[in-house]
Amino acid sequence: MSGMSVREVVVRRLNLPMREPFETSFGRETDKDVLVVEVHTDAGHIGYSECVAMASPVYNEETTSTAWQMLSDFFVNQLWDQSFHEREDLFLVRDRLQPFRKNQMAKAALEMAVWDAYAAEYSVPLFELLGGVRREVPVGISVGIQASTRRLIEKVEGYLEQGFQRVKVKVRPGYDEEPLSALRREFPGLLLMADANSAYTLSDVPLLKAWDRFHLMMVEQPLGYDDLVDHATLQAAIDTPVCLDESIHSAADVRKTAKIKAGKVINLKLGRVGGFAEAIAIHDACAEYGLDLWCGGMLETGIGRLHNIAITSLPGFNLPGDTAPSARYFTEDIIEPAVEFSTPGNLAVEPLCGVHSRVDRDRLEHWTVDKRTLRQGESS
Ligand code: OSB
Ligand code: MG
């Protein structure tokens, strides 16, 4: 057999309405401006992935538009002379994209679509291809900033009734102690955590130290998005475990985190780390250094959601992730059936040979606002 090769790549831009706005310390998202990548193989299979870059560069430096441009101008071209026989060959996609600096979300979109296509071409469940073992994974919920504490309590009550296994609240200076103490008062035994999306600085150490009284599972990315050193200073000063999100792009970052004790927990996002190959390396590094690990989210459509579930099946993911069911985000997802709880608070890891069988092509087409097909030899 000559192995899998790629015939063409289709990049789509979608505009998908969200059920409700999601507010963080860096802004408010009301609809999804998102790329979906399709990798078409010579044998006629299609691998899918979602690019989690946001409309504006507020979480990281990428945007939907820059990802579109990186893919069309630089990344897709790297696939034409590659062929994929064994699982090991899939790691070469990451290696080929590595000389280009940053833009991990754009790289991840292409890399994951190749893994997804390989799973389809060789009829192997994607979660097994990744090294997964778990068949059901626990999930928590990430709750955006709310208009009032009363509203927050109501929302959390509803989520707990649905079965979510832990609650993460978004915080920022001025919206922190009040919601956290209200939640702790209302739900004494709740697995509760806070995500600051880099909204604090070292001058807030006394404030963050005072949060020890809330017994949070962790505080996520309290300090600079590009920092590890100050997080180490903070971690030494507080009892609450520090979790890193924005600061982690590679297994090397995980090693540095462990070395200087910048945190005790890693939030892994496939897009932020450049895709599946690096995610596996990060998983292994967390096990090696004894860091806790869970899978974060970027308000994904069903395509990204199914990939998050697949990676979470690896044995080292030891805390509930942010990958909630589709209905938390969309009235109508672009996959059918949507992601739903298998049992309250848990998602089944289905043995999907790539996500193609779940993609609703009509809905995908319906929400597509722009589309570009790239083929070998055709200039962009
Ligand atoms: O920091 O984890 C984050 C959403 C968009 C950008 C950044 C983050 C988030 C979330 C939501 O917290 C996670 C989800 O429900 O997908
Ligand atoms: Mg976060």
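Of all residues in region 5-56, count the ones that are hydrophobic (A, V, I, L, M, F, W, C) and more than 22 Å from His307 (Cβ to Cβ). Break it down stepwise before answering.
Of region 5-56, the ones hydrophobic (A, V, I, L, M, F, W, C) are 6, 9-11, 14, 16, 18, 22, 26, 34-37, 39, 43, 46, 51-55.
This time we only want the ones that are more than 22 Å from His307 (Cβ to Cβ), so: 26.
Summing the residues that are hydrophobic (A, V, I, L, M, F, W, C) and more than 22 Å from His307 (Cβ to Cβ) in region 5-56 gives 1.
Only one entry of Ala67, Ala55 meets the criterion of being open to solvent by 10 Å² or more (accessible area, probe 1.4 Å), in contact with a helix residue (DSSP H, G or I) (Cβ under 6 Å, 6 or more places away or on another chain), within 16 Å of ligand 1 (Cβ to nearest atom) and in the same structural domain as Thr24 (by TED's automatic domain parsing), and that entry is Ala55. Of the residues making up region 286-302, just one is open to solvent by less than 10 Å² (accessible area, probe 1.4 Å), farther than 16 Å from Glu220 by Cβ and free of Cβ contacts under 8 Å to residues at least 60 places away in the same chain, namely Gly302.
Only strands (runs of 3 or more DSSP E) whose full extent lies in region 134-204 are considered here, and the ones with at least 2 residues that are among the aliphatic types (A, V, I, L, M), closer than 17 Å to Arg328 by Cβ and in the same structural domain as Ala310 (by TED's automatic domain parsing) are 141-143, 167-170.
Listed here are the strands (runs of 3 or more DSSP E) enclosed by region 1-92 that have at least 1 residues being in contact with a Pro (Cβ under 7 Å, 6 or more places away or on another chain) and among the basic types (Lys, Arg): 27-41. Take Arg87 and decide whether it is assigned by TED's automatic domain parsing to the domain that holds Phe214 and basic (Lys, Arg). The answer is no for Arg87. Here region 235-260 is the region considered, the condition is being away from ligand 2 (no atom under 16 Å from the Cβ) and under 19 Å from Met193 (Cβ atoms), and the residue that is farthest from the chain's Cα centre (by Cα) is Ala237.
Report yes if some residue within region 292-301 is touching a Ser or Thr at 6+ places or on another chain (Cβ under 7 Å) and either within 16 Å of ligand 2 (Cβ to nearest atom) or part of a strand (DSSP E or B) (or both); otherwise report no. Break it down stepwise before answering.
Just the residues of region 292-301 that are touching a Ser or Thr at 6+ places or on another chain (Cβ under 7 Å), to begin with: 295, 297.
So of that shortlist, the ones also either within 16 Å of ligand 2 (Cβ to nearest atom) or part of a strand (DSSP E or B) (or both) come out as 295, 297.
Within region 292-301 (the criterion being touching a Ser or Thr at 6+ places or on another chain (Cβ under 7 Å) and either within 16 Å of ligand 2 (Cβ to nearest atom) or part of a strand (DSSP E or B) (or both)), the answer is yes, since at least one residue qualifies.
Somewhere in region 277-284, is a residue among the small types (Gly, Ala, Ser), closer than 19 Å to Arg135 by Cα and open to solvent by 10 Å² or more (accessible area, probe 1.4 Å)? Scanning region 277-284 turns up no residue that is among the small types (Gly, Ala, Ser), closer than 19 Å to Arg135 by Cα and open to solvent by 10 Å² or more (accessible area, probe 1.4 Å).
Do we have Ala182 as closer than 28 Å to Pro138 by Cα, within 16 Å of ligand 1 (Cβ to nearest atom) and surrounded by 14 or more Cβ atoms within 10 Å (Cβ to Cβ) here?
Working: closer than 28 Å to Pro138 by Cα: yes; within 16 Å of ligand 1 (Cβ to nearest atom): no; surrounded by 14 or more Cβ atoms within 10 Å (Cβ to Cβ): yes.
Here the answer is no, as Ala182 does not meet what is asked.
Restricting the search to region 1-52, which residues are surrounded by fewer than 18 Cβ atoms within 10 Å (Cβ to Cβ) and among the small types (Gly, Ala, Ser)? Answer for region 1-52, where residues must be surrounded by fewer than 18 Cβ atoms within 10 Å (Cβ to Cβ) and among the small types (Gly, Ala, Ser): Ser2, Gly3, Ser5, Gly27, Ala43, Gly44.
Scanning region 244-269 for residues that are within 14 Å of ligand 1 (Cβ to nearest atom) and of a type in the set (S, T, N, Q) turns up Ser247, Asn267.
The values are calculated or read from the model by the stated rules, or taken from the named source; none is laboratory data. Just so it is clear, the structure is predicted and the values come from calculations on it, not from any experiment. In this analysis, Cβ positions are derived from the backbone assuming ideal geometry, glycine residues included, and neighbour counts consider all displayed protein chains. Side chains are part of the model used for accessible areas, which takes the heavy atoms of the whole protein and leaves out ligands, DNA and RNA. Shrake-Rupley method; radii C 1.70, N 1.55, O 1.52, S 1.80 Å.
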